[in-house]
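Step one of this worksheet: look at the structure below.
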Amino acid sequence: MPCLKKAPPEFTGLAAARRRALLRTGAALACLSALPAWAQADEAQPETSPEMGVETGAGMKAEMSVETGPDRPPATPAAEMAGRVEAGASTPESTENRPSDARQSESQESESALPESALPESPAQPASTATLAELRTRREADGSLLLTARVRFALAPALEQALLKGVPLHFMAEAVVLRSRWYWRDRRLAARQCYWRLAYLPLMRRWRVLISSQPLAGVEAPRSETTTARLFDTLDEALDAVQRVSHWRIMNAAHFEPGRRHTLRFRYLLQDEGLPRPLQAAERIEVQRDMDLTPEGAA
C-alpha cells in the first residue's frame with residue numbers, strides 16, 4: 001500500500017483560499033438570482049452617463065424612465081415574498097417627522113386623558129400655628145413711638161429635637177410705618193427689625209437667646225455692640241423671651257402729617273435660613289397684623 005505524504009503548507013493554504021473564493025461567488029450568484037427579471041436586466045446593461053441623451057456603449061442611448069402599471073414586467077416569487085415582508089413590517093410614522101402642532105395636540109390629549117389622582121400635586125404649605133396675643137403702641141413725651149407685641153406658639157417636636165441636636169432657630173419681628181397716598185402706593189416712613197437666635201448649650205445644659213437689630217442667621221460671631229445675650233434654665237423661659245418685645249422704639253411721631261392716614265404693619269416669623277430642608281416644612285410660624293395710627297385709633 002503506497003505511503004501517503006502530507007501536502008506542503010503552501011498547497012493547503014492555496015486550497016483554502018480557493019474554497020473561500022468559491023463560497024463568496026456562490027453567495028453573490030444566489031443574491032443575483034433572487035432579484036426580479038427587470039432588475040437583473042438593469043444590472044446586465046452597461047453604465048450610462050448621468051446626462052440624458054448621451055450615447056453610451058455600442059451607440060445606445062440611456063433613458064431615465066420608471067415602468068409602472070401593466071408595462072412593468074412581472075415580478076419573480078422571491079420579489080413578491082420580499083414585498084409582502086416589507087408590507088407586514090411597516091411601522092407607523094415616527095413622531096420626529098410629524099409637525100410640531102400634531103405632537104402638541106397629542107401631548108395635550110394624553111395629559112387630559114390622565115386622571116386627576118395621577119397628576120403630581122404641589123406640596124401644601126403648613127398652616128401657621130402662631131397667634132398675636134397683644135399689639136399696642138404708646139407715644140412718649142419726646143415724640144417717640146413705642147411698640148409692645150406678644151406672640152404665642154408652640155414648637156413642633158421635630159424643631160425641639162433639632163434644638164437638642166445643636167441646630168439653632170432664628171426668629172424675626174418687623175414693624176413698618178406707612179403713610180397713605182391716593183395718587184401712588186403708600187410711603188414708608190420707618191422700618192425696624194428685631195432678630196432672635198435660640199440655641200441649646202449641651203455642656204451647660206442651658207438655653208441661650210441672642211437679641212440683635214442685625215440678622216443673626218448665617219453669622220457665626222455677631223457684633224457685640226448690637227447684640228444682647230441671655231441664658232435660661234428651661235425651654236419655656238427661653239421661648240417666652242423670644243415671643244415678646246416690649247417698649248420697642250419705632251420712630252419719632254413728629255414725622256406724622258396731620259390729616260393723613262398712617263398705618264403700622266407688624267410681622268413676626270420663624271426664618272428658614274440655616275434650617276435643613278425637612279425642618280422647613282415641619283411647621284410654619286408667621287403672623288401679621290395692620291394697626292391704624294391716626295389720632296382717632298392711636299393708643
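The values are calculated or read from the model by the stated rules, or taken from the named source; none is laboratory data. Please read all numbers here as calculations on a predicted model, not as lab measurements. Heads up, the Cβs are rebuilt from the backbone with ideal geometry, glycines too, and the neighbour counts pull from every protein chain shown. Surface areas here come from the heavy atoms of the whole protein model, side chains and all, with no ligands, DNA or RNA. Shrake-Rupley method; radii C 1.70, N 1.55, O 1.52, S 1.80 Å.
A count restricted to the range 261-287 and to residues that are open to solvent by 70 Å² or more (accessible area, probe 1.4 Å) and farther than 30 Å from Leu164 by Cβ stands at 2.
Okay, residues lined up against (1) touching a residue at least 60 places away in the same chain (Cβ under 8 Å); (2) under 22 Å from Ala149 (Cα atoms); (3) assigned to a loop (DSSP other than H, G, I, E, B); (4) open to solvent by 20 Å² or more (accessible area, probe 1.4 Å):
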position	(1), (2), (3), (4)
Arg188	no, yes, no, yes
Ile211	no, yes, no, yes
Gln214	no, yes, yes, yes
Leu231	no, yes, no, yes
Pro258	no, no, yes, yes
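Is it true that Val219 is within 29 Å of Pro157 (Cα to Cα), at pLDDT 95 or above and among the β-branched types (Val, Ile, Thr)? For Val219, the condition - within 29 Å of Pro157 (Cα to Cα), at pLDDT 95 or above and among the β-branched types (Val, Ile, Thr) - is not met. As a summary of the residue check, Trp248 satisfies the conditions (1) open to solvent by less than 40 Å² (accessible area, probe 1.4 Å); (2) aromatic (Phe, Trp, Tyr); (3) not in a strand (DSSP E or B) except for the one numbered (3).
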